[in-house]
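Accompanying notes for the structure given below.
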Amino acid sequence: MDRGKKRWAILTTASAGLVLFAGTPSLFFSSLHPVPSAAPSVAQASIFEDTDDDSCGDLAQAQQLMAMVREGGQQNRVATTSTGAVEAPVGGDIAPARAVWDAYPSLHSVAVDPESNQVMMSDSNRGAIFFYDRAGAGGSSQIADPKSEIRGPATGMMFVAGIALDPAEHEVFAVNNDIGDRMEVFPYGVEGNVKPKRVLSVPHGAWGVAVNRKRDEVAVSIEHMNSVVIFRRQAKSAEAPLRVIRGLATGLADPHGIVMDADNNEMFVANHGNWAPLTREEEEAGGQLQGGHFQLPSIATYSAEANGDAKPKRTIEGAQTELDWPMGLSLDATHHEIAVANYGNNSILVFRTDGGGNVAPIRVLRGNRTGILGPMGVAIDTKNDELWVTNYRDHSAVVFARTADGNTAPKRVIRNAPMGTPSVGFGNPGAVAFDTKRGEILVPN
């Protein structure tokens, strides 16, 4: 707010962007900058109602706000006096002066089904799942359109973080981080604004999801509760989990990527290392106060049957690992390797699945030729000997030979925005502030 000019601004956040409303103490401007019509979906105003038929709740408010953003200044309603002077608005839809958002998808997680020859990617920016032909990627400057996409209010998807596949049942599992608190399951072949096949309520802060066909289970990592919850694979509605892994002994600290090794009855979890107590029991564990603290980033391995405050079987952590904000994980059961999207230094790290301690990765994919920038997801395709990476900061996904190492150029690129288009970097903006000294808007994600 600049009191000298008597101009006021109201700033508010949406799930994919920032909206600004402008005015004076007694007057909203009716001459506003128009907002482009390609505005993405904004935060849904109603909670997804999980009913027996898996229908969605009333999203009229969200759709109304979305329409307001799309139509820009044309929705203003102001009152005028007999002399034509403009007074304060009479209410209703007030169009923003301007909006800041990323008009293109932000590719998050990735999964490959080589049998159906397709790749699925989540878009956390606009709440979508994209289906691409596995070999459909092109050159580094070409924009590749997906075969199909699932997106819209009926899907119930918001900030889509982790996705996992069940190729046997032809199902896609998607978990919503922070604002969704649920997991949606869609069958292959659906498209557009469709309802999920089933919906499961999950704890707040879900990020990663993994399916274990041998045990007929699905596991979800929960960031803020430092836990992993395991459900029946076909669980829906408010069904309780089969098991919960949580406690000081587990070493779980802000878990993200998760993957199952069904053949060896193991589960791998990537941890950022941020830990804070959420219950009195955690605060007073061991007879002493447990405050929040930072642990080393890690990849912890558990028995697939782990429950409660279970210790990991082994943990990869330490300076030699190069782990720095480890995100998505992918298992190569054939070659006994596990790959991690290492967001902190724009790399893909590959370790032996039986590794533990302060071990160096067996391969590191990193450098200016790789096209890796803000990697969020990774997927290994052993049938076609390829490795996929989604770039959160570059509107792209890059494909390498499975054994690629060092500063290697990708074989193919999937790009969903013109080359060089900057990424806004919004990820569930939860607050906003204005720095009057520097004239900057501060948005924590």
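The values are calculated or read from the model by the stated rules, or taken from the named source; none is laboratory data. Predicted model only: the values in this text are computed from it and were never measured. So basically every Cβ, Gly included, is an ideal-geometry build from the backbone, and we count neighbours across all protein chains shown. The area values use the complete protein model at the heavy-atom level, side chains included, leaving out ligands, DNA and RNA. Shrake-Rupley method; radii C 1.70, N 1.55, O 1.52, S 1.80 Å.
Brief remarks follow.
- The order of the peptides 331-342, 118-129 by mean Cβ neighbours within 10 Å, most packed first, is 118-129, 331-342.
- Surface accessible to a 1.4 Å probe, ASP178 within the full protein complex, Å²: 40
- Taking the protein heavy atoms of the range 376-431 in the context of the full set of protein chains, the accessible area attributed to carbon and sulfur is 51 percent at 1.4 Å.
- A simple packing score, the average count of other Cβ atoms within 10 Å per residue, orders the peptides 423-434, 159-170 as 159-170, 423-434, with the highest score first.
- Peptides 238-246, 386-394, 348-356 ordered by average Cβ neighbours within 10 Å, highest first: 386-394, 348-356, 238-246
- A 1.4 Å probe run over the range 259-401, with the rest of the protein chains in place, finds 41 Å² accessible per residue.
- Whole-Hz couplings from phi, Karplus 6.51/-1.76/1.60, listed for the range 94-111; x for Gly and Pro: 10, 6, x, 5, 6, 9, 10, 7, 9, 6, 10, x, 10, 5, 10, 9, 9, 9
- Efficiency of FRET between ASP216 and PHE294 - r from beta-carbon atoms, R0 45 angstrom, step 0.05: 0.80
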